[in-house]
Amino acid sequence: LSVPIPKVSGQRNGMALVRKGQQQGHNNLPVNIYQCLDAYSETELLDGDNKWACPHCKTKRKATKRLMISRLPLVLIVHLKRFSTIGHFREKLETNVLVPTQKLYMQNYVTAGAQQSTVYNLYAVANHFGTLSSGHYTASVFNGLRDQWNYFDDTRVSLIPETQVATPAAYLLFFVQAQG
């Protein structure tokens, strides 16, 4: 899934308030992964130049569209859209996306009748440091045998606490479906 990072208009009780339908002009307040998933699956009005072309009557009609997942994979990869275009300008979004390492609940994003588990656990994060034109990649990966997180940076491997796994540099999130 390639999910947008929504614009936030402020905070209430420590939670970011998302402006519906707006992904431009970020102010770097933190958002959680569910706000990104909500923005991905938000109902979109198809009207004006963007009307839906009906395959039966061959006319363009006003309609709504909502993206939902019909079948969840064993491994769920979430791409955070960190690059934003505003007119001719492009920017990298440094917004911190809060991500649970255990129990990401996907039931709100799956079509009705899904029979498999909708719960996921994070097992890896690919980070991008830098700009749109250059940068450096690192990774945080969970070692299930030792129950610890490892941080990979070129030839160095170090242990990191679970609280440092998802940072504002997180670019790709790798989840595995929880069993049972």
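The values are calculated or read from the model by the stated rules, or taken from the named source; none is laboratory data. Bear in mind that the values here come from a model prediction, so they are computed numbers and not experimental data. Ideal geometry is used to build each Cβ from the backbone, glycine not excepted, and the neighbour counts take in all protein chains shown.
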Which residues, taken from the range 95-114, are buried (at least 16 other Cβ atoms within 10 Å of the Cβ), touching a helix residue (DSSP H, G or I) at 6+ places or on another chain (Cβ under 9 Å) and within 14 Å of Tyr40 (Cβ to Cβ)? Val97, Leu104, Met106, Tyr109
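Taking only the range 7-59 into account, find how many residues are in a strand (DSSP E or B) and at pLDDT below 90. Show your work before the answer.
Taking the range 7-59 first, the residues in a strand (DSSP E or B) are 8-12, 15-18, 31-32, 44-46, 52-53.
Checking which are at pLDDT below 90 leaves us with 8-12, 15-18, 44-46, 52-53.
Within the range 7-59, residues that are in a strand (DSSP E or B) and at pLDDT below 90 number 14.
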On the given criteria, is Ser117 surrounded by 13 or more Cβ atoms within 10 Å (Cβ to Cβ) and small (Gly, Ala, Ser)? yes
Among the residues of the range 152-160, are any closer than 22 Å to Cys36 by Cβ, among the β-branched types (Val, Ile, Thr) and out of contact with any helix residue (DSSP H, G or I) (no Cβ under 7 Å at 6 or more places or on another chain)? no
Give the residue that is nearest to Thr85 (Cα to Cα), with candidates limited to residues of the range 126-159 that are among the hydroxyl-bearing types (Ser, Thr, Tyr) and more than 20 Å from the chain's Cα centre (by Cα). Ser133
Which of the residues spanning the range 112-166 are within 17 Å of Leu98 (Cβ to Cβ) and among the acidic types (Asp, Glu)? Glu162
Within the range 76-107, which residues are within 12 Å of the chain's Cα centre (by Cα) and either assigned to a strand (DSSP E or B) or acidic (Asp, Glu) (or both)? Leu76, Ile77, Val78, His79, Leu80, Lys81, Val97, Leu98, Leu104
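State whether one or more residues within the range 124-131 are β-branched (Val, Ile, Thr), over 28 Å from Leu29 (Cα atoms) and loosely packed, with under 15 Cβ neighbours inside 10 Å. Don't jump to the end; show me each part of the working.
Step one: of the range 124-131, the residues β-branched (Val, Ile, Thr) are 125, 131.
Among the residues that remain, those that are also over 28 Å from Leu29 (Cα atoms) are: none.
No, the range 124-131 has no match at all.
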Just one of (1) within 26 Å of Leu122 (Cα to Cα); (2) out of contact with any Pro (no Cβ under 9 Å at 6 or more places or on another chain) trips up Cys57, so point out which. (1)
Val165 versus (1) farther than 30 Å from Thr43 by Cα; (2) of a type outside the set (Gly, Ala, Ser); (3) exposed (fewer than 11 other Cβ atoms within 10 Å of the Cβ); (4) touching a residue at least 60 places away in the same chain (Cβ under 8 Å): which is the lone unmet condition? (3)
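If you check Thr138 against the conditions, is it crowded, with 16+ Cβ neighbours inside 10 Å and farther than 23 Å from Tyr105 by Cα? Steps first, answer last, please.
Details: crowded, with 16+ Cβ neighbours inside 10 Å: yes; farther than 23 Å from Tyr105 by Cα: yes.
It is true that Thr138 is crowded, with 16+ Cβ neighbours inside 10 Å and farther than 23 Å from Tyr105 by Cα.
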Taking the range 151-180, which residues are part of a loop (DSSP other than H, G, I, E, B) and among the charged types (D, E, K, R)? Asp154
